[in-house]
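Here the structure comes first, spelled out in structure tokens, and everything after it is commentary.
The values are calculated or read from the model by the stated rules, or taken from the named source; none is laboratory data. All figures in this text were calculated on a predicted structure; none of them were measured in a lab. Every residue, glycine as well, gets a Cβ built from its backbone with ideal geometry; the counts of neighbours run over all protein chains shown. Ligands, DNA and RNA are stripped out before the accessible areas are found, and what is left, the full protein with its side chains, is counted by its heavy atoms. Shrake-Rupley method; radii C 1.70, N 1.55, O 1.52, S 1.80 Å.
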Amino acid sequence: MTTPSEAPPGPPGDADPPGPGDTPWSRWDQPSGRWMLPGACPDSRERTLVLEAAARLLFPTVLVFSVYLLFEGHYGPGGGFSGGLVAGLAFVLRHIAGGDDNILVSRFGIRPPVLAGTGLVIAVLTGLAPVLWGEPVLASTKWHISFGSFGYLDVVSSLLLDVGVYLLIIGVVLDLLRSLGSGIARDAREAGETAPRPDTGGGR
Amino acid sequence: MTLLQAFVTLPVLLPMLGAAASVIVSPRASLQRVIGVVTLALVCVVAGVLLVSADSYGPVVAQLGGWPAPMGIVLVADRMSALLLLISTLVTLAVLVYAIDQRISDYGRETASTTFHPIFLLLSTGVSLAYLTGDLFTLFVAFEIMLASSYVLITRRTSASRIRSGMTYVIVSLMSSLLFLTAVGMVYAATGSVNLADLAGRVGMLPEGLKTVLALLLVVVFGIKAAIVPLHFWLPDSYPNAPAPVTALFAGLLTKVGIYALLRTQTLVFPQDHPSTLLLVIAAVTMVVGALGAVAQDDLNRLLSFLLVSHIGFMLFGLAVYTPSGIAGTALYIVHHITVQATLFLVSGLITRRTGTVSIAQMGGLAQTAPHLAVLFAIPAITLAGLPPTSGFVAKLALLRAGAGATPAAEIVAAFVVLASLLTLYAVARVWVRVFWGTPKEPLVDNDPNDELVVGTARSARGMYVGASSLIVVSIVIALFAGPLSAIASRAGDDLQTREAYRSAVLGPDTAPGGPGPVPVAAVPQGPAAAGGGAAIGAMTADDAEGTTSR
């Protein structure tokens, strides 16, 4: 799994071209060092190095933890919902540290609503699938995979439903970040306001 | 049989799937429209199959995940829920056709939305789940799906006045959700079950006072949703400000779901064998206050909203009589009123687009300038007032016959039914005289072209007329097939009154009760104890129950 800041800035999502006022794709991460989050933020007084470095370290860790929660959910505390929320929090951290608009969205080249929709489709189809085997809707089954002396793994079919929920929640959190976080900043910029004043710290 | 059981889940799962697909394809407007219409049409077919099956072979029950009834979640399609599901989905489909064409004519054919179509379908999911669910907590979830979607629909494309009226709606709805959750918690603490069929046996053993508190709490909760009179204040303030299709959908469906939930819980969980004086009084007050409010309005949409409140009283009256014929009358009235109220709001939207105003005083002469609109308004208006050849007459006759045979109190309230019908007739006749007769007036200009209430244009695309007229056709079909429909409704009323069919279908035939309930009193504390939390409260209440029974 590559950490997002090392990933090449893929082509912009076809359905979501960068709006007016966005940094061009060729140099959207230029000002930042390798360890820092990309600073689309024009004002260096707006940046918090400690937070950026922490976010850089925490982001992959939190994502891995969210996947652990997703798999652990059937028997222990966790599951698709809490896993998705934790993953969403990782993105929130990036947003707070790295700031500005479209970064979260464009890295994936995928629009958050599509993520949420795909998750819901997976979840609903998982619910309907047992009908094909003559079982009631939402029935689940368990596969026992043994690894010899290393132990065994129980894979439950409802894990697929949890994966759907996981994607749905990430999609919702990203959409919230887009509309309530960077969306508000973009609206403010388009309305002619300059960069947020340093003392308020708004718009970060 | 499993396939038929899977069918019960489809009215819930299909719109959810449609909503998800609609989000994914959201840049493509035409694909979204196709998905919406196809999904709702499929749900209509499924609902039809369920109705036929439930009427011929008894309730269809799906146990989700194969978990048996008192533990797991069940979806139940009996005659009542399948009938209301069918008519609700038909209305939703017609409103969607209207809304699609309105959006095309307002924003252009290419404009897609990531919110409108998915949320519309999610609302339909919530409504279907509310009709089908067999337990109280899932009913709460269904209401939440429905309400969360409605919050979005009522505040989309915001303007200041829309936000203001939306806030009223959101706050009142959240308040009632809070009460609902409290009620569910109390019911669970007292009985150790939230399954409606299971509750039917267990609630009977509770002490009389506790039973009354629980019943009243649920009446208040569903009363807020259904806009029964002391709790109706939010409706005329919030509904009229939404765009016409959204108002039509809310007026047609949301309040009726509240009435349905009231009907289901009051007959199944808190059965009575004599008319409820409280509900009779509330029904009479609702009818009269709503109708008088309507007479006083100048705003066309507010007038229709007050008429909606008034006619909620009619449905409540049928329930309050607590006889099979009364419940059958309520079922018929819901079926009739869902279609006709939605039609009236759609037509009101067309009128507003034509005249540029919602103020009746500023309209006039539309019968000359827009004869199609005059016909479209006249038929549902007459139906709502309940003049003889229409479905409104059929439904009101059923209610009056139910009331006439019952107690003197019910007969007095039956007189209020006639009075409120006359007031309704007066209110719509007043609209007719002011809006369609008189000298034609120039349409007003649209003062805010950016909100979703596009006014002042004569442009009304054909699909909007198709949507409105298809609902009129539905209400005419209801009137034509009044015989078979009344027969189904009266069988549904018998089902709800006897409770046998529902209980044995959900819990299995061997647990069907002969007397007040199959669960011995001693078994009551085992429910919460086995479920963990709330054991102490459950045991305490069960002690109370034992005390009362031994006395």
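Things to note:
- Scanning region B:250-286 for residues that are farther than 20 Å from B:Leu86 by Cβ and in contact with a His (Cβ under 8 Å, 6 or more places away or on another chain) yields one hit, B:Thr286.
- Going through (1) without any contact (Cβ under 8 Å) to a residue 24 or more places away in the chain; (2) open to solvent by less than 20 Å² (accessible area, probe 1.4 Å) one by one, B:Gly209 falls short only on (2).
- Helices (runs of 4 or more DSSP H) fully within region A:98-204 counting 2 or more residues that are at pLDDT 70 or above: A:112-128, A:158-176, A:183-190
- Set A:Gly39, A:Gly79: member being modelled with pLDDT under 85 and small (Gly, Ala, Ser): A:Gly39
- Looking only at region A:123-157, and only at residues there that are within 9 Å of chain B (Cβ to nearest Cβ) and within 19 Å of A:Glu72 (Cα to Cα), the one that is surrounded by the fewest Cβ atoms within 10 Å (Cβ to Cβ): A:Ser140
- Taking residues in region B:2-24 that are within 7 Å of chain A (Cβ to nearest Cβ), and partners anywhere that are outside any helix (DSSP H, G or I) and acidic (Asp, Glu), the pairs with Cβ atoms closer than 9 Å and at least 6 places apart or on different chains are B:Thr2/A:Glu135.
- Filter result for B:Ala200 (modelled with pLDDT under 95, part of a helix (DSSP H, G or I), among the small types (Gly, Ala, Ser) and touching a Phe, Trp or Tyr at 6+ places or on another chain (Cβ under 9 Å)): yes
- Selection status of B:Leu178, in a helix (DSSP H, G or I) and in contact with a strand residue (DSSP E or B) (Cβ under 9 Å, 6 or more places away or on another chain): no
- Condition check for B:Pro68: in a helix (DSSP H, G or I) and within 14 Å of chain A (Cβ to nearest Cβ): no
- Residue within region B:69-77 that is touching a Leu at 6+ places or on another chain (Cβ under 6 Å), closer than 30 Å to B:Arg202 by Cα and not small (Gly, Ala, Ser) present: yes
- Residue within region B:27-50 that is in contact with a strand residue (DSSP E or B) (Cβ under 8 Å, 6 or more places away or on another chain), within 11 Å of chain A (Cβ to nearest Cβ) and surrounded by 17 or more Cβ atoms within 10 Å (Cβ to Cβ) present: no
- Close pairs (9 angstrom Cβ cut-off, 6 or more residues apart or separate chains): within 18 Å of B:Met80 (Cβ to Cβ) in region B:471-489, of a type in the set (Phe, Trp, Tyr) anywhere: B:Ala482/B:Phe393
- Failed item in (1) more than 12 Å from every other protein chain (Cβ to nearest Cβ); (2) modelled with pLDDT under 95; (3) open to solvent by less than 30 Å² (accessible area, probe 1.4 Å); (4) within 20 Å of B:Ile100 (Cβ to Cβ), with B:Ala54 passing the rest: (4)
- Criterion (buried (at least 20 other Cβ atoms within 10 Å of the Cβ), under 15 Å from A:Ser82 (Cα atoms) and away from chain B (no Cβ under 14 Å)) met by exactly one of A:Val165, A:Val173: A:Val173
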